[in-house]
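See structure below.
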Amino acid sequence: MENNVFEQMANKYDTEERIELAKVIVKEVRPELRNSKSKSLIDYGSGTGLIGLDLSDLVDSVLLVDSSKQMLEVAKEKISRKGIINSKVTYADFTEETPKLKADIVLMSLVLLHIPDTKKILRELYNVLNNGGTLIIIDFDKNDKVNHPKVHNGFSHESLKKILSDVGFKSIKIKTFYHGNRIFMNQDASMFVTSSIK
Ligand SMILES: C[S@@+](CC[C@H](N)C(=O)[O-])C[C@H]1O[C@@H](n2cnc3c(N)ncnc32)[C@H](O)[C@@H]1O
C-alpha cells in the first residue's frame, strides 16, 4: 500500500497543482449532487479533504475516510479552521477491515489506482452504501505511458464497468471529462468520472 508515501507527503500535499486539479474534479462532481441535501457522503481516500470538504455544503454530512493518519490530521485542521460543522474524519483501510459505516453517497477520487484489488474494494464500498445509494469514482483513463509497480496505469471504461456490474452496481455511467498536461505521474492524461447505483 502507498500509506507510507502519503504519511510523508501529508503536510505538503496541497500544492498549487493538486488544488487546481481538485477544483476541476469538484466542478465536475457538484452537479451530480444536486438534490442531496438530506444525504450522507463518505469521501473514501479523502486525503486532506480537497474534494470532500468542497462538497460539504451540498449534503447533510461528510465523513472523510483515509488510511493515512497524517492526511486526516491536515483535513481535521481544515475543518476547524473553516468552521465546517457537518464534516468529520475517520481512519480506516477497507482493504484490511471495513468498519460498520453506512452512507447514501460514496465518493472516491484518485484512490482506486492505488488499490491493487479493484473488485475487492468496490465490493466493500457496495456494502457500505445504503440501498439506492450512489458510488462516484474519479480516476485516470488507461495510460500506456505510465508504468509504476504500485499504481494501476489508469482504467479502461469497459473493464471498470464490467467490474462494477459484477459487484452488483446498476445504471453505470462513465465518461472522460478532462485532459491535462503532466497530471498522472508527470504524463499527460485524462480523467473519467463514473457514477453507479446500488
Ligand atoms: C492521490 S490521494 C487523493 C486524495 C483525494 N481523494 C483527492 O482527490 O485530492 C490518495 C489518497 O488515498 C489514500 N489511500 C490509499 N490507499 C488507501 C486505502 N486502501 N484505504 C483508504 N485510503 C487509501 C491515501 O492515503 C491518500 O490520502
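Close Cβ contacts (under 6 Å, 6 or more residues apart or on different chains) running from residues in segment 123-136 that are within 15 Å of Val62 (Cβ to Cβ) to residues that are crowded, with 20+ Cβ neighbours inside 10 Å and among the acidic types (Asp, Glu) comprise Gly133/Asp104. Among the residues in segment 18-33, are any closer than 19 Å to Ser196 by Cα, more than 10 Å from the ligand (Cβ to nearest atom), in contact with a helix residue (DSSP H, G or I) (Cβ under 7 Å, 6 or more places away or on another chain) and free of Cβ contacts under 8 Å to residues at least 40 places away in the same chain? Within segment 18-33 (the criterion being closer than 19 Å to Ser196 by Cα, more than 10 Å from the ligand (Cβ to nearest atom), in contact with a helix residue (DSSP H, G or I) (Cβ under 7 Å, 6 or more places away or on another chain) and free of Cβ contacts under 8 Å to residues at least 40 places away in the same chain), the answer is yes, since at least one residue qualifies. Just for segment 19-51: of the residues that are modelled with pLDDT of 95 or more and basic (Lys, Arg), which one is farthest from the chain's Cα centre (by Cα)? Selected residue: Lys37. Selection within segment 59-104: residues that are basic (Lys, Arg) and modelled with pLDDT of 95 or more. The member of this set that is nearest to the ligand (Cβ to nearest atom) is Lys69. All conditions but one from (1) more than 11 Å from the ligand (Cβ to nearest atom); (2) of a type outside the set (A, V, I, L, M); (3) in a loop (DSSP other than H, G, I, E, B) apply to Ser56; the one that does not is (3).
Within segment 147-161, the set of residues being among the charged types (D, E, K, R) and under 15 Å from Leu112 (Cα atoms) comprises Lys150, Lys161.
The values are calculated or read from the model by the stated rules, or taken from the named source; none is laboratory data. If you're wondering where the values come from, they're calculated on a predicted model, not measured in any experiment. Every residue, glycine among them, receives a Cβ derived from its backbone with ideal geometry; neighbour counts consider all protein chains shown.
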